[in-house]
Amino acid sequence: RQMRQWSLRITEYADRLLKGLDEIDFSESMKEIQRNWIGKSVGARIDFKIKSEKPVDQPLTVFTTRPDTLFGVDFMVVAPEHDLVKQITSQKQQPEVEQYLQYVESRSEVDRMAEVKKITGCFTGAYAINPINQREVPIWISEYVLAGYGTGAIMAVPCGDERDHKFAKHFKLPITNIIGSSYNGEEANPTYEATLENSGFINGLKMREAQAVVIKKLEAMGIGTRQVNYKMRDAGWSRQRYWGEPFPVVFRNDIPYPMKEAELPLTLPPSNNFKPSGSGEGPLANLKDWIHINSSERRDSNTMPTHAGAAWYFLRYMDPHNKQAFADRKHLDYWNQVDVYVGGSEHAVAHLLYARLWVKILHDLGYLNFDEPFKKLINQGKITGDSRFVYRIRGTNKFASAGLISRYPEGVDQLHVDISLVNGFVLDTDGFKKWKPDFASAEFELENDQYLCGSAIEKMSKSYFNVVNPDEIIDKYGADTLRLYEMFLGPLEQSKPWNTNGIDGVYKFLRRFWNLFHDTQGNFKVSAEAPTREELKTLHKTLRKIEQDVENFSFNTSVSEFMICANELTSLKCNKRAILEPLVIALSPFAPHIAEELWEKLGHSETVLKAAFPAYDEQYLKENAFNYPISINGKVRAQINFALDLSREEIEKQVLASEVVAKWTEGKPPKKVIVVPGKIVNVVV
């Protein structure tokens with residue numbers, strides 16, 4: 001049904017959105033998604049005169065990125081909604097065209113774009129005249145051409161485009177070969193490297209070379225121009241639902257006028273009726289007193305999509321209570337861009353693109369001194385679930401075990417099953433029959449008296465019945481263990497399958513960290529004694545690593561570093577306040593509950609969250625000793641720790657006096673001792 005709707009004219013900013021990607025710290029994959037969505041292409045806009053029953057003054061205009069293939073055009077295809085369809089359709093073809101148009105009306109754009117098997121189309125009875133060689137080619141309509149993309153018409157070159165090729169084969173249309181042996185007659189070859197044939201003045205040229213030559217010729221003849229085109233289209237911005245921002249416009253004599261700034265913001269009217277109006281309009285149309293301001297003015301019954309608010313909410317955070325503006329300029333200038341934005345790649349061509357557009361518009365209107373919303377974007381990975389499947393033999397209520405499904409040529413239906421009904425891969429068949437009424441009478445074909453399920457790693461979803469309830473983990477291990485384990489699973493940007501194989505290790509680390517503050521009887525025991533240099537080295541090495549890891553969002557390696565630190569301090573039997581207090585602060589963002597409790601035990605009345613994050617000191621990170629490998633006749637036999645400032649002579653003296661050297665030299669005097677400071681000692685016997 002045709003409805004009047006608002007569109008967001010994002011195409012006006014296409015080139016700036018594209019160029020802006022070079023200025024921001026997004027992953028290359030995210031940038032590529034947006035580049036492909038914007039879809040910049042350079043080509044030619046070409047006018048084809050039309051030959052039809054009724055004279056048509058308007059040319060059929062196409063945009064093509066392959067002007068080098070102009071001599072290979074065998075037919076034209078226009079979108080069924082194209083303005084020229086009714087004008088150019090011949091009387092003979094009219095019934096067939098009208099029938100086809102009715103078919104296309106029942107198809108959504110998504111269906112039309114996704115269709116790859118079914119080939120449909122209809123000849124209009126009209127012809128287009130190729131301006132480069134005056135050849136007449138038939139004009140068809142087909143659903144695979146969309147009115148909203150490009151000009152809504154294409155020149156079809158079946159030898160070089162797969163979809164055109166299938167269309168030509170299906171409707172038995174001629175195929176002109178302009179690429180010689182590069183075309184085998186069976187499938188199209190979209191090459192750029194072939195040498196052109198049957199192509200008039202560009203014969204013998206490579207296709208890439210020919211593009212500029214053809215465009216120059218078209219411009220000289222006045223029948224075409226070089227043009228930049230974008231695949232991205234303006235976004236439909238109207239929704240027929242209650243929830244959403246109402247459009248701040250007033251219609252007078254069916255013409256929309258923007259509301260005055262003093263009348264803003266326009267808010268949704270209270271309502272308990274969220275049902276559609278029945279007229280194709282949204283539920284706001286039911287609220288007559290709100291829609292009709294007076295006898296000559298009315299409001300729009302549509303609302304904006306959720307993308308509208310999501311495109312600028314981060315700006316409102318800067319000044320959330322301002323009733324005069326979306327944010328005061330001094331706050332906007334102070335806070336500036338979002339430094340780090342964490343969001344999934346699924347938002348690449350919607351929320352993240354609209355946010356970039358919104359900020360560019362506000363910048364152009366003078367409200368912002370920046371035109372990109374986010375300095376850095378991190379796409380977090382998902383924690384995926386381990387799904388289980390049962391296999392129902394098609395047409396029955398009998399289920400075959402995973403290893404037996406090949407016995408059924410009629411096929412099986414793979415169904416997700418609740419993971420709580422599965423132990424490893426073995427299904428609780430009695431529990432399964434009680435799970436859903438449909439399965440109460442289920443029968444099972446077993447393997448070794450067991451029903452074995454299939455499996456797959458997928459996103460966690462209620463519909464996949466593979467969701468792990470965090471409450472159960474928290475009840476058993478505590479919230480801090482769950483937090484740390486999620487970080488420990490792997491890098492933030494990667495998707496990780498959930499399993500609890502390593503959770504005991506994280507739990508034991510927290511116990512070990514707790515034990516640093518308590519004696520074996522569980523009594524709190526922290527010493528005011530001055531720390532040793534080795535203890536200080538462990539502390540400051542940890543603080544440096546945590547600082548670096550947090551800046552790089554490498555939380556998994558931070559958890560590893562905390563574990564190493566706890567192990568080292570346990571070995572050193574360290575319970576010194578000067579060491580443990582900074583570690584509690586460092587741990588608090590990762591494990592806030594245990595950190596808060598230990599902080600209070602250390603005598604602090606304010607929360608640990610208000611404590612300044614401890615800085616590491618380089619002086620404690622310098623190595624003052626080195627573990628020298630001791631090599632005897634080319635083989636390392638031992639390691640001996642020496643101070644880094646020890647002389648070669650003293651190192652040689654202590655090496656020769658060591659038991660290990662005495663053992664391997666069997667009392668024989670060495671021929672030579674080679675000391676490489678800070679690296680190795682070689683003893684040649």
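The values are calculated or read from the model by the stated rules, or taken from the named source; none is laboratory data. Please read all numbers here as calculations on a predicted model, not as lab measurements. Here the Cβ positions follow ideal geometry from the backbone for every residue, glycine too, while neighbour counts run over all protein chains shown.
Side notes on the structure shown:
- Residue within the range 217-231 that is in a helix (DSSP H, G or I) and either among the polar types (S, T, N, Q) or touching a Gly at 6+ places or on another chain (Cβ under 7 Å) (or both) present: yes
- Residue within the range 74-81 that is in contact with a strand residue (DSSP E or B) (Cβ under 6 Å, 6 or more places away or on another chain), crowded, with 20+ Cβ neighbours inside 10 Å and farther than 19 Å from Cys122 by Cα present: no
- Pairing residues of the range 76-89 that are farther than 24 Å from Ile175 by Cβ and not assigned by TED's automatic domain parsing to the domain that holds Asp57 with residues that are hydrophobic (A, V, I, L, M, F, W, C) and in a helix (DSSP H, G or I), at Cβ distances under 8 Å and at least 6 apart in sequence or on separate chains, gives no pairs at all.
- When Leu332 is tested against the conditions (1) surrounded by fewer than 17 Cβ atoms within 10 Å (Cβ to Cβ); (2) closer than 30 Å to Val550 by Cα; (3) of a type in the set (A, V, I, L, M), the lone failure is (1).
- One residue from Arg544, Arg511 being exposed (fewer than 14 other Cβ atoms within 10 Å of the Cβ) and charged (D, E, K, R): Arg511
- Top-ranked residue in the range 636-668 [being in contact with a helix residue (DSSP H, G or I) (Cβ under 9 Å, 6 or more places away or on another chain) and more than 29 Å from Leu621 (Cβ to Cβ); ranked as modelled with the lowest pLDDT]: Thr665
- Hits in the range 602-648 - residues which are surrounded by 13 or more Cβ atoms within 10 Å (Cβ to Cβ) and part of a helix (DSSP H, G or I): Val608, Tyr620, Arg648
- Condition met for Ser182 (surrounded by 15 or more Cβ atoms within 10 Å (Cβ to Cβ), at negative phi and touching a Gly at 6+ places or on another chain (Cβ under 7 Å)): no
- Helices (runs of 4 or more DSSP H) completely within the range 41-147 that count 2 or more residues being more than 23 Å from Tyr192 (Cβ to Cβ), among the hydrophobic types (A, V, I, L, M, F, W, C) and at pLDDT 95 or above: 85-88, 94-105
- Qualifying positions in the range 338-395 - assigned to a loop (DSSP other than H, G, I, E, B), of a type in the set (A, V, I, L, M, F, W, C) and farther than 19 Å from Asp234 by Cα: Leu365, Leu368, Phe370
- Phe444 falls short on exactly one of the conditions (1) in contact (Cβ under 8 Å) with a residue 24 or more places away in the chain; (2) part of a strand (DSSP E or B); (3) loosely packed, with under 15 Cβ neighbours inside 10 Å, and that condition is (3).
- Checking each residue in the range 140-175 for being surrounded by fewer than 21 Cβ atoms within 10 Å (Cβ to Cβ), in contact with a helix residue (DSSP H, G or I) (Cβ under 9 Å, 6 or more places away or on another chain) and among the hydroxyl-bearing types (Ser, Thr, Tyr) picks out only Tyr144.
- Test: residue in the range 501-519 that is touching a Gly at 6+ places or on another chain (Cβ under 9 Å) and of a type in the set (Ser, Thr, Tyr): yes
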